[in-house]
1. Take the residues of segment 195-222 that are surrounded by 17 or more Cβ atoms within 10 Å (Cβ to Cβ) and charged (D, E, K, R): which is farthest from Val166 (Cα to Cα)?
2. Filter segment 104-156 down to residues that are among the basic types (Lys, Arg) and modelled with pLDDT of 80 or more and give me whichever is farthest from Met218 (Cα to Cα).
3. What tally of residues in segment 162-220 results from selecting those that are of a type in the set (S, T, N, Q), more than 40 Å from the chain's Cα centre (by Cα) and part of a helix (DSSP H, G or I)?
4. Among the numbered criteria (1) surrounded by fewer than 17 Cβ atoms within 10 Å (Cβ to Cβ); (2) among the basic types (Lys, Arg); (3) farther than 29 Å from Arg387 by Cβ, which one does Arg174 miss?
5. For the condition closer than 30 Å to Arg122 by Cβ and not hydrophobic (A, V, I, L, M, F, W, C), what is the one hit in Gly175, Gly259?
6. So which residues in segment 341-355 are under 18 Å from Ala383 (Cα atoms) and assigned to a helix (DSSP H, G or I), if there are any at all?
7. Here are Ala64, Ala75: which of them is surrounded by 15 or more Cβ atoms within 10 Å (Cβ to Cβ), touching a helix residue (DSSP H, G or I) at 6+ places or on another chain (Cβ under 8 Å), at pLDDT 70 or above and in the same structural domain as Val15 (by TED's automatic domain parsing)?
8. Take Glu291 and decide whether it is surrounded by fewer than 22 Cβ atoms within 10 Å (Cβ to Cβ), over 18 Å from the mean Cα position of the chain (by Cα), modelled with pLDDT of 90 or more and within 24 Å of Leu126 (Cβ to Cβ).
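The values are calculated or read from the model by the stated rules, or taken from the named source; none is laboratory data. Computed from a predicted structure; not experimentally measured. Positions of Cβ are backbone-derived with ideal geometry, glycine not excepted, and every protein chain shown enters the neighbour counts.
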Amino acid sequence: MDNWIFWAVAGCLSVAVVALLARSLFVAGAAAPSPNVRIYRDQLEEVDRDLARGTMAPDEADRARLEVSRRLLEADRRTVRATGRGSVVAGALLVILTAAGVGLLYLRLGAPGYPDLPHAVRLAALEAARSARPTQAEAERQAPPVQAETPDPKFAALVGQLRAAVQRNPQDLRGQQLLARNEAALGNFPAAVEAQRQVLALKAEPSAADHAALAELMIYAAGGYVSPEAEAVLTQSLRRDPKQPLALYLSGVTMAQGGRDDLAFRDWTRALDVAAPDAPWRATVLAAMPEIAARAGERWTPPEALPGPDAGGVAALQALPEADRNAAIAGMVDGLATRLKTTGGSAAEWARLINAYNVLGRADEAQTAAAKAAPLFTGEERAVIERAARSAGAAP
């Protein structure tokens, strides 16, 4: 729509609204006579009643009626004059305030002079910008250096030996896996990326988790930026498993960086549904979701927090001696186990129990909990149990 058409329509609508409001003010004011007018009308009716009862002579009634009528006309003229002035003043103030308020609001929130920008055009512009973003190599060159802590000399020596061993035998899958993990621990993310690429190349059927791990290392190597190459690796991961939690989380990061808040909301919602309760990125997503949901025009309700100690309880546990702290933690885990076995619970709570048993070194009980929980759930909820069990080495 051309600008002059917009302003013409907006002006006509504004004038019509102001005219209706001014008319309603005038009518409301005219319809509400002053108290004096009502009193004089009552007096006229009282004169007629006295004349009818014979308590007032006709000539006296005429004189009274004439005097009251004169006062009534004067009071009515004053009311009309005051109402007219008030309506004009109120209408003028209304016009000025409305025009000023609308103008200021449009100058602040609007875009004067810009043509219409349909949704499809905006999406096309966002996708064009995403397609033109820097490559992985460019991003790695521009990424700030990683501020890693000085490694323990013994650990650094062991990593050096691992590098030499992998260089002598690059076909060693286990060696490449260890190298990728330890290079990442040292902050050598480009080297970790190369090692993880070798892991994928050496596996006959690399899993969705393998691809997600490679994408994560690429993002770290690029300083937190998701390159087109990293996005392609995430696509491979989600093709193998559409419910891979890390890949869904990183895909949401990709979309948020590219301005596609709608797709970031979709991916992060799915990631929260299928991830383990202790996923390291979970708190980050929960903190970002309200703003992402608002920008995407979606309603979002935070998932219910799982039972457990609050911040004060955690601080109190940390203040206990180690033996007492371990006993308190074991007691909470046993309490959770008892409740789940007697009254049941969600898949996330069962996954928390399995992970807790693993942390406490109670592998047999982790296996038992996984075997008991797995038949209780299906679909995505069962997948949460299975991932927790695999992480704890207790696959049902």
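1. Glu216
2. Result: Lys154.
3. Looking only at that region, the number is 1.
4. (3)
5. Gly259
6. Listed by number, the residues that qualify are Ala347, Ala348, Glu349, Trp350, Ala351, Arg352, Leu353, Ile354, Asn355.
7. Just a single option satisfies the conditions, and that option is Ala64.
8. no
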